[in-house]
1. For Thr42, are the conditions met, namely being closer than 18 Å to Ile6 by Cβ and of a type outside the set (D, E, K, R)?
2. Of the residues Met81, Met69, Met73, which is surrounded by 11 or more Cβ atoms within 10 Å (Cβ to Cβ) and in contact (Cβ under 8 Å) with a residue 24 or more places away in the chain?
3. Mind checking which residues of the range 28-71 are farther than 18 Å from Gly85 by Cβ, modelled with pLDDT of 95 or more and among the hydrophobic types (A, V, I, L, M, F, W, C)?
Amino acid sequence: MGIATINPATGETLRSFESLSDADVKNAISLADKAFKDYRQTSFEQRAEWMHKAADILEKDKAKFAELMTLEMGKPYKSAMAEVG
C-alpha cells in the first residue's frame with residue numbers, strides 16, 4: 001500500500017511513495033544498529049564537528065529541505081522553513 005502526500009488546501013495528491021518491504025525494514029534497522037555501535041565510540045569533538053557540518057548544510061540548503069518536507073510530510077512551506085532553521 002502506498003503512502004500519499006496530499007495538499008491539505010486542495011485535497012490534490014502531490015506524490016505517492018511505496019511502503020518498504022519487511023526485508024527492507026529489517027535491513028534498515030540492522031544498518032541503524034551498526035551505525036549506532038560505531039557512533040557511540042566516536043569522541044565528543046568528532047560529533048561536534050559533524051553537527052557543525054550538518055548545520056552548515058541545513059543553512060545553505062534551507063529551501064531545498066523545506067520543499068522536501070512539504071512534499072513528503074504535507075507540512076506547510078512556511079512551517080517547514082521554520083523547522084529547518
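1. In short, no.
2. Working: Met81 fails: in contact (Cβ under 8 Å) with a residue 24 or more places away in the chain; Met69 fails: in contact (Cβ under 8 Å) with a residue 24 or more places away in the chain.
When all the criteria are applied, what remains is Met73.
3. Within the range 28-71, Ala28, Ile29, Leu31, Ala32, Ala35, Phe36, Phe44, Ala48, Trp50 qualify.
Residue-by-condition table, conditions (1) of a type outside the set (Phe, Trp, Tyr); (2) surrounded by fewer than 11 Cβ atoms within 10 Å (Cβ to Cβ); (3) more than 16 Å from the chain's Cα centre (by Cα):
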residue: Ala23; (1), (2), (3): yes, yes, yes
residue: Ser43; (1), (2), (3): yes, yes, yes
residue: Arg47; (1), (2), (3): yes, no, yes
residue: Ala55; (1), (2), (3): yes, yes, no
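The values are calculated or read from the model by the stated rules, or taken from the named source; none is laboratory data. From a predicted model like this one, the values you see are computed outputs, not experimental measurements. When we count neighbours, we look across all protein chains shown, and the Cβ atoms used for this are built from the backbone with ideal geometry, even at glycine.
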